[in-house]
Structure formats: structure tokens, C-alpha cells
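Asks: First the structure, then my questions, so here it is.
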Amino acid sequence: MPCWIESRVPLQPAPPEVAATHDREVSGPHGPITIRVYRPLGSGASDTLPALIYFHGGGFTVGDIDTHDTLCRSLANGARCVVISVNYRMGPEYKFPKAVDDGVAATRWVAEHANELRIDVDRLAVGGDSAGGNLATVTALTARDTGGPKLVFQLLIYPTTTFQHNTPSTKELAEGHLLTFPIMKFFREQYLNGPQDQTDWRASPLLATDFSKLPPAHIITAGYDPIRDEGKAYAEKLKAAGVDVQYVCYEGMIHGFITMGKVMDVANKAVSDCGAVLIKAFKK
């Protein structure tokens, strides 16, 4: 496991208590997909709540629902919503676009089983960090173009939006800030089938041709993150297409900071801010 993932785990706060959580398997095109469902503290089992479908980060190669358990618990409590964390397939065993297929399938399954999950299908959002942010964007694009489900929001935390990795921040911050260009290249090689996949919009959503009629988005980047400009560029694409976007760059932060709340107060503030943004989005 690359050192930047290993280093993040002990930097997380203790997992907060939630009202309930359980794992289950749902059907997908490549076999069962494990999801973890969180209900926020103070909610009842019969309460119908809005929901966030969340995709963890890890370069499409590492990480899982356990590495992001604390974050998902915090988002559930902070946003007073159900969070469904998706354990999608990753490289190198499962190449692109299997992670995309799992993300779309899990989202559709959640919408189709909204009554069973006690969630409001009209208040369904997607979100994720890093690679998970990529999957959230692609899921939103796919849902728009294939008849649903209707999504009301995107929470994108330092999303990677192009596998070409040719932005100024990638060159400027290629070394020395935890996530490095050699690590990015390693992830790219593990996930993609070859260079031809870099220009497929399902891998590089920044290359999609139409950004209109997508759900509103809250996009976070970090000042010392080599993929900073990818998130900013995606925000600009959405704004140009008339999508309501809030873009925030945490100037002094590095990639992965939002799961480092044990040692960084700004990480906890960012999580709290995400919760507040989701509450507002679910009220619209």
C-alpha cells in the first residue's frame, strides 16, 4: 500500500457514534457490490431521510469503506442524512470502467430501494473524495443521460477529473506534498487498460462534451495538491454550463487532508462545512 494511504489512517479522529450502520451486498454488473449504510445520530429507524451516496478515495487502487468509515459517520451526523458508502471494484484486478459500472449500479440500486432504506428518493446526492470524486462526477453525468436516478447535489472533495494530469498544479507540485506524480502515475497504470482510456470521459470527466443540467455542486480542493487545478477546472466547466457551483480551495492543505482531523483542525472544519452545505442542498 502506498505510504500516503498508510499515513492517513492514524491521522483520523475516533469514529463518531451514529444511530445505526450495517453492511449489505447489492447486485451489480460484475457481481455483488458491498455497501455500508449509516443513519445519523438522533434519527429513528422509521424516519425517511435524504441520502448521500459516497465513493471513497484511493486512486482507484487502494482504500475501502473501512478507511473512510470515520468520514462517512461524520457526514451522516453533520448533514443529518443517510450515507451509503460504496465498496466499488478497483485496479489492478478490476480495470476501468468496472469502478464506474459499480458506482452507477449502486446508485440505481439505492434509488430503486429507497423505501426499504427509508430514504427520500427526491433528495439523493452523490459525493466522494479524490478517485471517489471522479466516480461521483461520472455517476452524475451518467444519471443525467440515462434517465436517472435524479440527483440533487454533488459533493466533490479534491476530485481527480482528468487522467492526462497535465495541469499547472501537477507540474508545480509533482514532488514533496504527500501525493506525488509518481504515485499518480502508479494509480493510473493500475486502473486504466492503457493510454487510450485517458481520453474516455468516464475516466476523465473534464473531457465530457456537455455539463448542462447537472446537479449543483460543492467542490473542494487543496492548495498544495497536484490535482488542485483539475477540481478548479471542473468547477469552471460546470459554471460555464449554468450549473450552481460553490468552489472552495483550502490554500494551506495537501491532498487527503479531510481525513486528517486528528491533527488538523481545518480538516474537521471542512467536514463540518460539508455537512452544512448538504443540509442546505437537501432543503431546496
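The values are calculated or read from the model by the stated rules, or taken from the named source; none is laboratory data. Here the structure is a predicted model, which means the values were calculated and not measured. Cβ: placed from backbone, ideal geometry, glycine included. Neighbour counts: every protein chain shown. Ligands, DNA and RNA are excluded from the accessible area calculation, which covers all protein heavy atoms including side chains. Shrake-Rupley method; radii C 1.70, N 1.55, O 1.52, S 1.80 Å.
Asks: Condition test on ILE33, is it within 20 Å of ARG108 (Cβ to Cβ), crowded, with 19+ Cβ neighbours inside 10 Å, of a type in the set (Val, Ile, Thr) and touching a Ser or Thr at 6+ places or on another chain (Cβ under 6 Å)?
Replies: Numbers: within 20 Å of ARG108 (Cβ to Cβ): yes; crowded, with 19+ Cβ neighbours inside 10 Å: yes; of a type in the set (Val, Ile, Thr): yes; touching a Ser or Thr at 6+ places or on another chain (Cβ under 6 Å): no.
It is false that ILE33 is within 20 Å of ARG108 (Cβ to Cβ), crowded, with 19+ Cβ neighbours inside 10 Å, of a type in the set (Val, Ile, Thr) and touching a Ser or Thr at 6+ places or on another chain (Cβ under 6 Å).
Asks: Could you tell me whether ALA51 is open to solvent by 10 Å² or more (accessible area, probe 1.4 Å), farther than 17 Å from ASP129 by Cβ and either β-branched (Val, Ile, Thr) or in contact (Cβ under 8 Å) with a residue 24 or more places away in the chain (or both)?
Replies: no
Asks: State yes or no: is VAL104 more than 21 Å from ASN268 (Cα to Cα) and either outside any loop (DSSP other than H, G, I, E, B) or open to solvent by 20 Å² or more (accessible area, probe 1.4 Å) (or both)?
Replies: yes
Asks: A follow-up question, please. Taking SER204, is it polar (S, T, N, Q), more than 20 Å from the chain's Cα centre (by Cα) and buried (at least 17 other Cβ atoms within 10 Å of the Cβ)?
Replies: Working: polar (S, T, N, Q): yes; more than 20 Å from the chain's Cα centre (by Cα): no; buried (at least 17 other Cβ atoms within 10 Å of the Cβ): yes.
Taking the combined requirement at face value, the residue does not satisfy it.
Asks: On to the next question. Just one of ALA281, ALA267 is in contact with a helix residue (DSSP H, G or I) (Cβ under 8 Å, 6 or more places away or on another chain), open to solvent by less than 50 Å² (accessible area, probe 1.4 Å) and of a type in the set (A, V, I, L, M, F, W, C); which is it?
Replies: Just a single option satisfies the conditions, and that option is ALA267.
Asks: Next question. State whether the residues of region 247-256 include one that is touching a residue at least 60 places away in the same chain (Cβ under 8 Å), β-branched (Val, Ile, Thr), out of contact with any Lys or Arg (no Cβ under 8 Å at 6 or more places or on another chain) and open to solvent by 30 Å² or more (accessible area, probe 1.4 Å).
Replies: Within region 247-256, one or more residues are touching a residue at least 60 places away in the same chain (Cβ under 8 Å), β-branched (Val, Ile, Thr), out of contact with any Lys or Arg (no Cβ under 8 Å at 6 or more places or on another chain) and open to solvent by 30 Å² or more (accessible area, probe 1.4 Å).
Asks: Another one. Those residues that are modelled with pLDDT of 95 or more and either part of a loop (DSSP other than H, G, I, E, B) or among the charged types (D, E, K, R) (or both), I need them from region 45-61; list them, please.
Replies: Matches in region 45-61: ASP47, THR48, HIS56, GLY57, GLY58, GLY59, PHE60, THR61.
Asks: Let me ask something else about it. So which residues in region 182-201 are under 19 Å from GLU93 (Cα atoms) and open to solvent by 70 Å² or more (accessible area, probe 1.4 Å)?
Replies: Listed by number, the residues that qualify are LYS185, PHE186, GLU189, ASN193, PRO195, GLN196.
Asks: Could you list all residues from region 114-166 that are at pLDDT below 95 and either within 24 Å of ARG24 (Cα to Cα) or among the polar types (S, T, N, Q) (or both)?
Replies: The answer is GLY148, GLN164, ASN166.
Asks: Also: Scan region 78-89 residue by residue and report those that are closer than 22 Å to MET260 by Cβ and buried (at least 23 other Cβ atoms within 10 Å of the Cβ).
Replies: Within region 78-89, ALA79, VAL83, SER85 qualify.
Asks: Of all residues in region 69-90, how many are of a type outside the set (Ser, Thr, Tyr), in a loop (DSSP other than H, G, I, E, B) and farther than 19 Å from ALA276 by Cα? Lay out the reasoning, then the answer.
Replies: Just the residues of region 69-90 that are of a type outside the set (Ser, Thr, Tyr), to begin with: 69, 71-73, 75-84, 86-87, 89-90.
Now drop any that are not in a loop (DSSP other than H, G, I, E, B), which leaves 80-81, 89-90.
From what is left, the residues that are farther than 19 Å from ALA276 by Cα are 89-90.
The qualifying residues number 2.
Asks: May I pose another question? Helices (runs of 4 or more DSSP H) wholly in region 142-246 with at least 1 residues that are over 16 Å from GLY57 (Cα atoms) and touching a strand residue (DSSP E or B) at 6+ places or on another chain (Cβ under 6 Å) - which ones?
Replies: On the way: elements: 168-172, 181-191, 228-240.
Per the criteria, 228-240.
Asks: Okay, moving on. Among the residues in region 109-124, are any within 20 Å of ILE220 (Cα to Cα), of a type in the set (D, E, K, R), surrounded by 20 or more Cβ atoms within 10 Å (Cβ to Cβ) and out of contact with any His (no Cβ under 6 Å at 6 or more places or on another chain)?
Replies: No, that holds for no residue.
Asks: Given the criterion surrounded by fewer than 17 Cβ atoms within 10 Å (Cβ to Cβ), farther than 23 Å from PRO97 by Cβ and aliphatic (A, V, I, L, M), identify the matching residue among ALA241, ALA222, ALA235. Let's see the steps before the verdict.
Replies: Values: ALA222 fails: surrounded by fewer than 17 Cβ atoms within 10 Å (Cβ to Cβ); ALA235 fails: surrounded by fewer than 17 Cβ atoms within 10 Å (Cβ to Cβ).
Being surrounded by fewer than 17 Cβ atoms within 10 Å (Cβ to Cβ), farther than 23 Å from PRO97 by Cβ and aliphatic (A, V, I, L, M) holds for just one of ALA241, ALA222, ALA235, which is ALA241.
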